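Enquirer: If you scroll down you'll find the structure; I have some questions about it.
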Amino acid sequence: MTGKEFKPIFTPSVTKLPTLQIKNSLSKAYGRISYPTILALRDQLSLTTWLSLGAIIQTILYLVLGRLSFLPVFLLLLYRTGNTYLQATGRLPNPYMRDVIVSKVSAQIPSPSTGAFGSIPSNDSIVVFHLAARCNHPLGVLAPGMKDVGTYFTDMMADLEAHSEDYGMLGVQTYSGLGGRATNNETLIVGYFRSIEGVHKFAHGEVHCQGWDWWNRNIKGLDHIAILHEIYEVPRGNWENIYVNSQPTGLGAARFRVGGEKEERWVSPLVDATRGVLATSNGRLGRKQIAEHQKSEVTIYADSPN
């Protein structure tokens, strides 16, 4: 006996959905600088160094402008304080809630032909791919070889996006590690693929091979640069996920091409998980429920969005 078919959160799109990596790179601060770029720059210097640089700039402005040099700082702090207060009290929209799905959802794999999700959780295998780099040099991005590493990583991301269907790449995004030190943290790229063959096709493609050849030619002078990858091939029925009050992220930010070339559509994997089998971890793994409260259909969440 099959259960109810999973209810999608979003309607299918006739245009190709961008990966979260692309969406983030298009988000600009101050009109020109992408947020990933700001994050990377902020990671190059410690907090005390940034404060010291700010103090030097403020001192120079004071020597040139006198007391007027304090005006921009006070105006900026006044604006930030007022803006935060208005957002916190609901008088202005909270930008951090943009794209948040205020509910409990799970990412499941749709049918390649129809786009339907069926009623069986984790109904297909999936591959998780980690690609990372870290600089162990005091000069950070200015260290020998780091500019080349950054260029090759950028080219690889563009290659994954341009040939996502050839590689079976479903989604990709970048994270900055927070651990062990104040600067030069690890940059981690997480990708989701349909199969291990797709990952290997990317690895043996022209762009990745160019980067790998460069690395092998210069490896003797690159002891300060760490690179790594991890591949996890997860069989059906052995993975699960849940997102509560979250923007689409991780596998939930992937996109699936369905329907063939004549009726091509792009489907988000997110489905309602407030009730039924997807409401519990055991259920999402397709395993027998082991606790009475897990069998309950009661939910604290309102009806999921259409």
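Enquirer: When a footprinting reagent is the concern and you count Cβ atoms within 10 Å, what order do 258, 271 take, fewest first?
Expert: With the fewest neighbours first, 258, 271 line up as 258, 271.
Enquirer: Using θ = phi - 60° and the Karplus relation 6.51 cos²θ - 1.76 cosθ + 1.60, list the HN-Hα couplings for region 82-95 in order, rounded to whole Hz, with x at every Gly or Pro.
Expert: x, 5, 5, 4, 5, 5, 5, 9, x, 7, 10, x, 8, x
Enquirer: When we measure straight from the Cα of residue 16, which aspartates and glutamates land under 13 angstrom away, once same-chain ones fewer than 8 places off are left out?
Expert: Straight-line reach from residue 16, under 13 Å: 161, 165, 261, 263, 264.
Enquirer: Same structure again: Taking the number of other C-beta atoms within 10 Å as the exposure measure, put 243, 152, 62 in order starting with the fewest.
Expert: Taking fewest neighbouring Cβ atoms as first place, the list is 62, 152, 243.
Enquirer: Could you work out which residue, out of 33, 242, 189, moves most in a Gaussian network model of the chain, that is, has the largest mean-square fluctuation with Cα springs under 10 Å?
Expert: In the Gaussian network model the winner is 33.
Enquirer: Between 151, 95, 249, whose Cα lies farthest towards the positive end of the dipole of the chain when Lys and Arg beta carbons carry +1 and Asp and Glu beta carbons carry -1, centred on the Cα centre?
Expert: The residue sitting farthest along the positive end of the dipole is 95.
Enquirer: Can you pull the semi-axes for region 41-122, root of five times each eigenvalue of the Cα gyration tensor, sorted largest first, whole Å?
Expert: 49, 20, 10
Enquirer: Which of the pairs 23/220; 23/147; 104/147 have their Cα atoms more than 31 Å apart in this structure?
Expert: Cα-Cα > 31 Å for 23/220; 104/147; rest within.
Enquirer: Treating only the Cβ atoms of Lys and Arg (+1) and Asp and Glu (-1) as charged, compute the dipole magnitude of the chain about its Cα centre; round to the nearest 20 debye.
Expert: With Lys and Arg at +1 and Asp and Glu at -1, about 960 debye.
Enquirer: How large is the charge dipole for region 126-234, taken about the Cα centre, if only the Cβ atoms of Lys, Arg (+1) and Asp, Glu (-1) carry charge, to the nearest 20 debye?
Expert: My answer is approximately 460 debye.
Enquirer: Mind jotting down the three principal axis lengths of region 126-234 based on Cα atoms? Whole angstrom, largest first.
Expert: Projected onto its principal axes, the Cα set of region 126-234 covers 39, 30, 20 Å.
Enquirer: Starting from the amide H of residue 101, placed 1.01 Å from N in the peptide plane, find each other amide H under 5 Å away whose residue is 5 or more places distant or on another chain.
Expert: 246, 247
Enquirer: Which cross-chain or sequence-distant (5 or more) residues have an amide H under 5 Å from the amide H of residue 118, H modelled 1.01 Å from N in plane?
Expert: 6
Enquirer: Let me ask another. Under 10 Å, Cα contacts only: if you run a Gaussian network model on the chain, which one of 50, 214, 239 comes out with the highest mean-square fluctuation?
Expert: In the Gaussian network model the winner is 50.
Enquirer: In whole Hz, with x marking every Gly and Pro, tabulate ³J(HN,Hα) for region 37-50 from phi via Karplus 6.51 cos²θ - 1.76 cosθ + 1.60, θ = phi - 60°.
Expert: 5, 4, 4, 5, 5, 4, 7, 7, 10, 6, 4, 5, 5, 4
Enquirer: Is there a quick way to get the dipole size of region 18-96? I mean about its Cα centre, with the Cβ of Lys and Arg at +1 and of Asp and Glu at -1; what is the value in debye to the nearest 20?
Expert: Here region 18-96 has a charge dipole of around 200 debye.
Enquirer: Then there is this: Enter the Cα centre distance for the pair region 46-73 and region 82-104, rounded to the nearest angstrom.
Expert: A separation of 31 Å, based on Cα centres.
Throughout, read-outs are computed from the coordinates displayed, never taken from laboratory work. Quantities reported herein were computed from a predicted structural model and do not represent experimental measurements. Don't worry about glycine lacking a Cβ; one is built from the backbone with ideal geometry, like all the others, and counts go over all protein chains shown.
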